[in-house]
Amino acid sequence: MIDQPVSAPVRGGVRPPPVRPDAGRFLVLLVVFVCAACGLVYELELVALASYLIGDSVTQASVVLSVMVFAMGVGSLLAKRLRCHAAVGFGLVEAALALIGGCSALVLYAAFAWLGEARYALVAFSLAIGVLIGAEIPLLMSLIQRASRRGGRREEDAAGTVADLFAADYVGALVGGLAFPFLLLPWVGQLTGALLTGAVNAVAGGALVLWLFRRDISPRSRWWLLGANLAVLAVLATATVLVADFEAAARRAVYGEPVRVAVDTGVQEVVLTGAEDGPVDLFLDGRLQMSGGDGDRHHRALVGPAMRRGPHARVLILGGGDGMAAREVLRHPGVRSVTVVELDPGMVRLARTDPALSALNGHVYRDPRLEVVYADAFRWLRGATAPCHTYDVVVSDLPDPGVTPSTKLYSQEFYGLAAGVLADGGRLAVHAGAVGAHPHAYWTVESTIRAAGFTTRPYRAPGRPDRGFVLAVPGARGAPPALGPGVLGVEDERPRDVPPSTLLRPRYAE
């Protein structure tokens, strides 16, 4: 490659880059690719963390995407003011994007842990990151046109330049979108993944400006950009070193002390609090699943009414990886086999091996009558066919219906599949959420079960938390059995005209 002299006259007073036009063009497109990948990782990280901290992934994804797209348009307009100083402007934009995007996960988690509210921080980060991403393309357009010049002459037409720029941008977005769930999350986790992405962003943007376009920048500006990038990298590196301590402190703030076990299983984050010889609180993705002695009351209310009347030799449990529902089922005489369909092997592994949790579930996984199937409950039911898969009792011990990923497990289609595996005289027991705290969600589940052809008997466990359940039998096979002691029927509380839910029309979020 032949460098042109620094003093070479160039049209418009802009010095040419120190490489051939084709090489300069390639380097700019490579940085476009990297920046696009980083930008999409920031976007997905905001969506994932917001869904985890706030819930209702559909709403959070809509908020993040709509705000970011709007902000990108604003950023593109604002970048017009920087096009006369494209190299310096792009360097500053990338340094700011690396810092804000890289630290966004930490700040969101901190806002949730110590302030109890992350929505405003989510919108602020979506706006800031969107503005900076939107400013990239106009500035990169100026830089790639400048890199394509030889002796002041444009090498290619503007249409070809735009096509190349957007092609690199879209391919980079594809790589970033795949890297986030398949590389960053399983290998380094969400917080560290965002910090590393910020570091890559800073190195790529800073290297392009400080080397390829160094002749367009005054010595003073070069030193300022170098200092800014080094400062950003120092902040990101320090945060990466301290991220484990930060997570421990944030968990203590969220869950209280002591946090005895915190495991990312790949399906969900499982947290156990409490001493090994005391009450255990179980949290799944930050949501309380079981609290101390409440686990006994909850699972007895869920399982007992379905098991007390009628045959119960074969029992199917959908979810329930903690083993608590299986413990209650196996306490009843006459049970010959129990099948647990659980999506998360990590949850079952913890229920087997953790001293406190395994003691709480009565070491149920040692019982030879228990079989565990690792599968999505909806897909498994779709593949189950009679007579090989018929059960006297089906127990649905799944996450709360207000959590968006579980919506299909509370749909009319799901309960129709459950009816297909029930034997004659079979009963279905469903954990349907909190009838007192979230009545709309609870009664929507009950209405959905009725719409699937069941006759229902809604009830709840007395005390706190106010857990609601539904006992049901297929409509043509008679009425549900009596509830028995220890539970309260709530038929008289049923509101009018609560529509059922289908896969195409989820209605569980409050």
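The values are calculated or read from the model by the stated rules, or taken from the named source; none is laboratory data. All values reported here derive from a predicted model rather than from experimental measurement. Reconstructed Cβ throughout: ideal geometry from the backbone, glycine too, with neighbour counts over all protein chains shown. In case anyone asks, the SASA skips ligands and DNA or RNA and just uses the protein heavy atoms, side chains included. Shrake-Rupley method; radii C 1.70, N 1.55, O 1.52, S 1.80 Å.
Of the candidates LEU127, LEU139, the single residue that is at pLDDT below 95 and assigned to a helix (DSSP H, G or I) is LEU139.
Residues considered: LEU132, LEU174. Of these, the only one that is at pLDDT 90 or above, farther than 28 Å from ALA248 by Cβ and either loosely packed, with under 15 Cβ neighbours inside 10 Å or of a type in the set (Ser, Thr, Tyr) (or both) is LEU174.
Where residues in region 346-383 are out of contact with any helix residue (DSSP H, G or I) (no Cβ under 8 Å at 6 or more places or on another chain) and hydrophobic (A, V, I, L, M, F, W, C), which of them is surrounded by the most Cβ atoms within 10 Å (Cβ to Cβ)? Even if it seems obvious, please write down each step before you answer.
Here is the first cut: in region 346-383, the ones out of contact with any helix residue (DSSP H, G or I) (no Cβ under 8 Å at 6 or more places or on another chain) are 346-347, 349, 353-356, 359, 363, 366, 368, 371, 375-376, 379-380, 383.
So of that shortlist, the ones also hydrophobic (A, V, I, L, M, F, W, C) come out as 347, 356, 359, 375, 380.
Working: MET347: 25, ALA356: 18, ALA359: 12, ALA375: 13, TRP380: 19.
Ranking the qualifying residues of region 346-383, first place goes to MET347.
Residue check, VAL445 against (1) open to solvent by less than 20 Å² (accessible area, probe 1.4 Å); (2) part of a loop (DSSP other than H, G, I, E, B), all met but one. Which one? The number of the failed condition is (2). Could you look through region 269-279, keep only residues that are open to solvent by less than 40 Å² (accessible area, probe 1.4 Å) and assigned to a loop (DSSP other than H, G, I, E, B), and pick out the one that is modelled with the highest pLDDT? Here the answer is GLY274. Only a single item in (1) farther than 25 Å from ARG457 by Cα; (2) assigned to a helix (DSSP H, G or I); (3) open to solvent by less than 30 Å² (accessible area, probe 1.4 Å) is not met by GLY321, and it is number (2).
Quick check: anything in region 253-264 surrounded by 15 or more Cβ atoms within 10 Å (Cβ to Cβ) and under 30 Å from ALA96 (Cα atoms)? Yes, some residue in region 253-264 is surrounded by 15 or more Cβ atoms within 10 Å (Cβ to Cβ) and under 30 Å from ALA96 (Cα atoms). Of all residues in region 352-366, those satisfying the criterion of being in contact (Cβ under 8 Å) with a residue 12 or more places away in the chain and within 18 Å of ARG300 (Cβ to Cβ) are LEU357, LEU360, ASN361, GLY362, VAL364. Residues in region 247-262 include none that are touching a Phe, Trp or Tyr at 6+ places or on another chain (Cβ under 8 Å) and in a strand (DSSP E or B). Scanning region 200-213 for residues that are assigned to a helix (DSSP H, G or I) and crowded, with 19+ Cβ neighbours inside 10 Å returns ASN201, ALA202, ALA204, GLY205, GLY206, LEU208, VAL209, LEU212. Of the residues VAL303, VAL340, the single one that is open to solvent by less than 10 Å² (accessible area, probe 1.4 Å) and either at pLDDT 95 or above or among the polar types (S, T, N, Q) (or both) is VAL340.
The selection criterion, being under 24 Å from THR240 (Cα atoms) and outside any helix (DSSP H, G or I), holds for GLU117. The set of residues in region 236-250 being open to solvent by 40 Å² or more (accessible area, probe 1.4 Å) and either over 32 Å from the mean Cα position of the chain (by Cα) or under 11 Å from ALA199 (Cα atoms) (or both) consists of ALA237, THR240. VAL88 falls short on exactly one of the conditions (1) surrounded by fewer than 23 Cβ atoms within 10 Å (Cβ to Cβ); (2) within 22 Å of ALA179 (Cα to Cα), and that condition is (2). Of all the residues in region 401-433, those that are open to solvent by 10 Å² or more (accessible area, probe 1.4 Å), part of a strand (DSSP E or B) and closer than 17 Å to PRO458 by Cα number 0. Just one residue in the set THR197, THR161 is of a type in the set (Ser, Thr, Tyr), in contact (Cβ under 8 Å) with a residue 40 or more places away in the chain, open to solvent by less than 60 Å² (accessible area, probe 1.4 Å) and assigned to a helix (DSSP H, G or I); that residue is THR197.
One line per residue, one yes/no per condition, for (1) of a type outside the set (Ser, Thr, Tyr); (2) open to solvent by less than 20 Å² (accessible area, probe 1.4 Å); (3) more than 27 Å from LEU208 (Cβ to Cβ):
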{"residue": "PHE33", "(1), (2), (3)": "yes, no, no"}
{"residue": "GLU45", "(1), (2), (3)": "yes, yes, no"}
{"residue": "ALA48", "(1), (2), (3)": "yes, no, yes"}
{"residue": "GLY55", "(1), (2), (3)": "yes, yes, yes"}
{"residue": "LEU65", "(1), (2), (3)": "yes, no, yes"}
{"residue": "GLY73", "(1), (2), (3)": "yes, no, no"}
{"residue": "LEU77", "(1), (2), (3)": "yes, no, no"}
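Going through (1) more than 20 Å from the chain's Cα centre (by Cα); (2) open to solvent by less than 30 Å² (accessible area, probe 1.4 Å) one by one, CYS38 falls short only on (1).
Being crowded, with 19+ Cβ neighbours inside 10 Å and under 23 Å from LEU343 (Cβ atoms) is true for just one of LEU288, LEU282, LEU233. Which residue is that?
One residue alone meets the criteria, LEU282.
The number of residues in region 287-318 that are part of a loop (DSSP other than H, G, I, E, B) and under 27 Å from VAL270 (Cβ atoms) comes to 2. Considering GLY453, GLY468, GLY475, GLY436, the condition of being farther than 20 Å from ARG314 by Cβ, crowded, with 22+ Cβ neighbours inside 10 Å and free of Cβ contacts under 8 Å to residues at least 40 places away in the same chain is satisfied by GLY468 alone.
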